[in-house]
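Everything below concerns the one structure shown next.
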Amino acid sequence: MINLLKNIVLFNIVFPVIPISLLKHVLISKLSELRQSIEVFLQKPEGQQHSRNDELELISAKLSDCISITKNLGKGDTSLPGNNTGETASPKNQSGIPVTVVVPVYNVAQYLKVCLDSIVAQSLKNIEIICINDGSTDDSLSIIHSYAKDDDRLIVIDQSNKGLSATRNVGLQLAKGEYVFFMDSDDMLELNALEFMYNEASKLALDVIYCDGASFYESKQLEEKFPLYKTMYVRPREFSEVTNGLTLFRKLVRNKSFTSQVCLHLCKREYLLRNNLFFPEGILFEDIDFSLRCILQASRVSHRKKAFFKRRVRESSIMTSAGKNSSRQFIDYFTSYSYMPEFLKGKKLNRRSRVAILVHLLTYIVFVRQHFETMKQHNFLTGKNIDTVCLQ
């Protein structure tokens, strides 16, 4: 508690006189220290209980520091700008395939046929479908093979378990389509989704086109327990102008409608590869880092208010199992957040763009702090509930 008070007093005194550029470096340094503290804490033997409370207070203090720095980086400017059109994107590739759909598959036999039916029946027929079995132990692989026998557009990759991010990265590296769509194997697409998005993206030479989504629940109990998913993927209006990614990002933040769900993007493959836009491997919540880097570096983007993506809300998914693996989820969520300032380090951004990014980042670090305090209250950070998972 004494350490926490010292930090609060120190930051309140020095913030007004620290230059913005220095604060960026301070935030990155603090995040690095915090990651180290969490990793050391989780690796400690269970028997060393006498020092655990002090360490938890220290981690809490460091989280408070990060929140304070993030708030003060954006202090004094709340304006968000209008529209600027980006540079023309590079020409189409020559593969002749408009869209590659990348489908990572892991133990989803119960839902996989519905997902694949919605893809193979797309009104855009000339597509490539890369299904990657990520070490499934159920009937998922046999289901994929049965579809591949009847549809030569479907490519089957079988690999040992590597995780969702690594599997998506494999699909991106193999893809031949002009655009790439990352599909989750327990969800669905409207049958005209790819045709509509590709036509719009191709006509306007977009790096990324965004759509909306809708959720459907497996049970009434889940609907009552997780009502936030009803509107999570729905934006209040259409952002149809062609702008650069920063401009669209600022508009979405201003309207509280930026979402990291990667299944709401159709991305130009050449744009992703040119900017080394792959998913961070070995963590959950990989969309957080990817989606921010994807939109901020794009020259031409646009949004259509059409709920093409259908999200299944089911038991035992990452979305609905928060608390069952709390320390792992906390670590991975925090790690996804910590990648963002690292990516922004050295970027030349105007003040309006910086404020929008900081508003976005602040929501994540506040959530991390709240989740950490919740785990402390429910003893998820002690004894058998600790997952000895190191930060990447």
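The values are calculated or read from the model by the stated rules, or taken from the named source; none is laboratory data. Model, not experiment: these values are computed from the prediction. Counting neighbours? That spans all protein chains shown, and the Cβs are built from the backbone with ideal geometry, glycine included.
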* Structure fact -> Checked pairs for the stretch 157-175, first in contact (Cβ under 8 Å) with a residue 60 or more places away in the chain and outside any helix (DSSP H, G or I), second crowded, with 17+ Cβ neighbours inside 10 Å and among the hydroxyl-bearing types (Ser, Thr, Tyr), C-beta under 9 Å and 6 or more apart or across chains, list as Gly163/Tyr106; Ala175/Thr100
* Asked: Does Arg304 satisfy being of a type outside the set (A, V, I, L, M, F, W, C), in a strand (DSSP E or B), within 25 Å of Leu112 (Cβ to Cβ) and in contact with a helix residue (DSSP H, G or I) (Cβ under 7 Å, 6 or more places away or on another chain)?
  -> no
* Asked: When the residues of the stretch 125-152 are filtered to those that are of a type outside the set (D, E, K, R), free of Cβ contacts under 8 Å to residues at least 60 places away in the same chain and in contact with a helix residue (DSSP H, G or I) (Cβ under 7 Å, 6 or more places away or on another chain), which remaining residue is surrounded by the fewest Cβ atoms within 10 Å (Cβ to Cβ)?
  -> Tyr147
* Go through the residues of the stretch 299-316 one by one and say whether even a single one is over 23 Å from Val108 (Cα atoms) and free of Cβ contacts under 8 Å to residues at least 60 places away in the same chain. => no
* To do: Among the candidates Phe196, Phe181, single out the residue that is surrounded by fewer than 23 Cβ atoms within 10 Å (Cβ to Cβ), modelled with pLDDT of 95 or more and among the aromatic types (Phe, Trp, Tyr).
  => Phe196
* What number of residues within the stretch 305-326 are crowded, with 20+ Cβ neighbours inside 10 Å and at pLDDT below 70? -> 1
* Quick one: how many residues across the stretch 179-204 are part of a loop (DSSP other than H, G, I, E, B) and either aromatic (Phe, Trp, Tyr) or in contact with a strand residue (DSSP E or B) (Cβ under 7 Å, 6 or more places away or on another chain) (or both)? -> 6
* To do: Assess whether Thr137 counts as being in a loop (DSSP other than H, G, I, E, B), farther than 20 Å from Gln261 by Cβ, modelled with pLDDT of 95 or more and of a type in the set (Val, Ile, Thr).
  => yes
* To do: Identify all residues within the stretch 244-285 that are surrounded by fewer than 21 Cβ atoms within 10 Å (Cβ to Cβ), in contact (Cβ under 8 Å) with a residue 24 or more places away in the chain and of a type in the set (Ser, Thr, Tyr); write none if there are none.
  => Thr259, Ser260
* Output the residues belonging to the stretch 224-243 that are crowded, with 18+ Cβ neighbours inside 10 Å and not in a loop (DSSP other than H, G, I, E, B). => Tyr229, Thr243
